[in-house]
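K.L.:
Here it is, the structure in full.
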Amino acid sequence: MNNLYIKKIAILIFCTGFNANVWADTNQSNNSVSDAPMELPDTATDLQIQKTELPQKATRIYVEKFNPYTMIKTVAGITFKRFASQNANIKENPNLLKNIVREELMPYVDYRYSAYKVIGKYLKQTTADERRAFVPVFREYLVTSYAQVFTLYDNQEVQFFPEKKFENKKIVSVNTRIMMVGRKNIDVSFKVRLNKKTKEWKAFDMVAEGVSLLDTKQAELGSIIRQKGLPYVTEILKKKSARNIVFKL
């Protein structure tokens, strides 16, 4: 199956959770998680972020972040319901999808941590100012990418596997399965990270059929960071973030 298609479909889980079913497999409930990523400096999650060009509004309904499993499912439901309620306006102005992503999804995505993971081993080659400029641009790049994926929603059913014990865990995987009609079902895992200071969970990566979206982006941008520097990549993503959302026929 085309990896790009899988990646795009994966993000749809964030906007289809309201009609999701639980995948019955109670034997998984006690399995441990052993895929914690390397520790990054505290600045990866504590950066003071510059304001983006488009204002960010607070999410309309607060979702508690102390249970990673219920957080993902609840945010999914709220997001898609808003998408459905504004469908007519979105058809006229697809860029409204960016607002929905900013307001309903991004408060639950640890985009700063993700941004530092993308920089990866080239972190020491960058300055604090360069990283401070990169993080909000990377956030807007995610906003645009997610908003474009919203245009692909076609009422796919999503099943959530039972939650596992997450006490004393730093990273958990919220496992799901997208039920496809006429295609092979797609297994997608949301990686969710505990902030050791706030004790709140936020998503930072998705793994679709074994393909990490974050690792893919790191591979794509890493060589550019090495060759031309982080400011160059920041400008590239800034241009990509400004793209209009389009419903493709």
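K.L.:
Would a scan of the range 134-144 turn up a residue that is free of Cβ contacts under 8 Å to residues at least 60 places away in the same chain and closer than 25 Å to I245 by Cα?
P.N.:
yes
K.L.:
For the range 111-131, name all the residues that are within 20 Å of R226 (Cα to Cα), in a helix (DSSP H, G or I) and out of contact with any Ser or Thr (no Cβ under 9 Å at 6 or more places or on another chain).
P.N.:
Within the range 111-131, S114, A115, K117, V118, G120, K121, Y122, L123, K124, Q125, D129 meet the criteria.
K.L.:
Among the numbered criteria (1) at pLDDT 90 or above; (2) over 12 Å from the mean Cα position of the chain (by Cα), which one does M179 miss?
P.N.:
The one condition M179 does not meet is (1).
K.L.:
May I ask you to say which residue of A44, A88 is part of a helix (DSSP H, G or I), among the hydrophobic types (A, V, I, L, M, F, W, C) and either within 16 Å of Q148 (Cα to Cα) or modelled with pLDDT of 80 or more (or both)?
P.N.:
Criteria check complete, one pass: A88.
K.L.:
In the range 172-217, which residue that is of a type in the set (S, T, N, Q) and outside any helix (DSSP H, G or I) is surrounded by the fewest Cβ atoms within 10 Å (Cβ to Cβ)?
P.N.:
Here the answer is T198.
K.L.:
From the set of residues in the range 137-171 that are part of a loop (DSSP other than H, G, I, E, B) and acidic (D, E), which is surrounded by the most Cβ atoms within 10 Å (Cβ to Cβ)?
P.N.:
E163
The values are calculated or read from the model by the stated rules, or taken from the named source; none is laboratory data. Just so we're clear, the structure is a prediction, and the values are computed from it rather than from any experiment. Cβ coordinates were reconstructed from backbone atoms using ideal geometry, including for glycine residues, and neighbour counts include every protein chain displayed.
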